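Visitor: Questions regarding the structure given below will be posed in turn.
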Amino acid sequence: MVDRLRPSDPPTSSNPRVRQVEAILHGTVIDHIPGHMTLKVANLLARENDQVSIGMNLRSARMGRKGVVKISGRELDARTLSRLALIAPSASVSIIRDTQVVQKFTVPMPKLFEDIARCANPNCVTNHERWASRMEVVNTDPLTVCCIYCERTFLATELALL
C-alpha cells in the first residue's frame, strides 16, 4: 500500500518526503529562525544579485512556527555569522554542496560583538566619535550584551545593526 498525503493533510517536518521550501544546489540555509525575524534575517544576508528563497511561518516540531532563508551560491563569512547571532541566536546554519548538507551547526555565539551593532545608549562615545562598538555577551537567554565603553546592558533586540 502506498502511503500518500491527502490534500487536507498538512505537511509536517516529520514527513521527510515533503519539502516546504525548494532545495538548492550550492549555498547556505539558515533554519529555525524565529518567525517574526525571518525578513530581517533575509535583509541582513541578501546581496543585490543573490538568489534568495524565504519560507515564513513554516511548521516546526521544535519551535511551533519558524522561518527558513536559503541563499544559493554563497557561504557566510564570520562577520555575517556574528550579525546573524545577534538577531537569530537559536538559528541553525547548513552548508549545501551538490544538494547535500556537508556541514550543519548552530549559529556560533561570539563572546564579543565588534562593530556589529550600534550601542543603544545615545550618550555612548561610539555614537559621537569614530569608535568601533564593542558589546560583550552577558547572557545568552535572552541574549543580553554590555557595551564595554559606557558599561550599559541591553537586550540584543534593542540594538541596531551596523
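The values are calculated or read from the model by the stated rules, or taken from the named source; none is laboratory data. Just so it is clear, the model here is predicted, and its values are computed rather than measured. In this analysis, Cβ positions are derived from the backbone assuming ideal geometry, glycine residues included, and neighbour counts consider all displayed protein chains.
Visitor: Looking at the stretch 93-117, which of the residues that are loosely packed, with under 14 Cβ neighbours inside 10 Å and hydroxyl-bearing (Ser, Thr, Tyr) is farthest from Glu22 (Cα to Cα)?
Guide: Thr106
Visitor: Sort out which residues of the stretch 57-84 are in contact with a Lys or Arg (Cβ under 6 Å, 6 or more places away or on another chain) and polar (S, T, N, Q), and write them in order of number. Reasoning before the result, please.
Guide: Going residue by residue through the stretch 57-84, those that are in contact with a Lys or Arg (Cβ under 6 Å, 6 or more places away or on another chain) are 57-58, 60.
Asn57, Ser60, listed by residue number.
Visitor: How about the stretch 42-67: which of its residues are among the aliphatic types (A, V, I, L, M) and exposed (fewer than 12 other Cβ atoms within 10 Å of the Cβ)?
Guide: Going residue by residue through the stretch 42-67, those that are among the aliphatic types (A, V, I, L, M) are 42, 44-46, 52, 54, 56, 58, 61, 63.
Correct list: Ala61 only.
Visitor: Another question, then. Among residues belonging to the stretch 89-130 that are among the small types (Gly, Ala, Ser) and not assigned by TED's automatic domain parsing to the domain that holds Val145, point out the one that is farthest from the chain's Cα centre (by Cα).
Guide: Residues of the stretch 89-130 that are among the small types (Gly, Ala, Ser), as a first pass: 90-92, 94, 117, 120.
Next, only the ones that are not assigned by TED's automatic domain parsing to the domain that holds Val145 stay: 90-92, 94.
On the way: Ser90: 8, Ala91: 5, Ser92: 7, Ser94: 11 Å.
Step by step, filter the stretch 89-130, then rank; the result is Ser94.
Visitor: Go through Ser53, Ser72, Ser94 for me and flag whichever is within 27 Å of Asp141 (Cβ to Cβ) and in contact with a strand residue (DSSP E or B) (Cβ under 6 Å, 6 or more places away or on another chain).
Guide: Numbers: Ser53 fails: within 27 Å of Asp141 (Cβ to Cβ); Ser72 fails: within 27 Å of Asp141 (Cβ to Cβ).
Of the residues listed, the single one that is within 27 Å of Asp141 (Cβ to Cβ) and in contact with a strand residue (DSSP E or B) (Cβ under 6 Å, 6 or more places away or on another chain) is Ser94.
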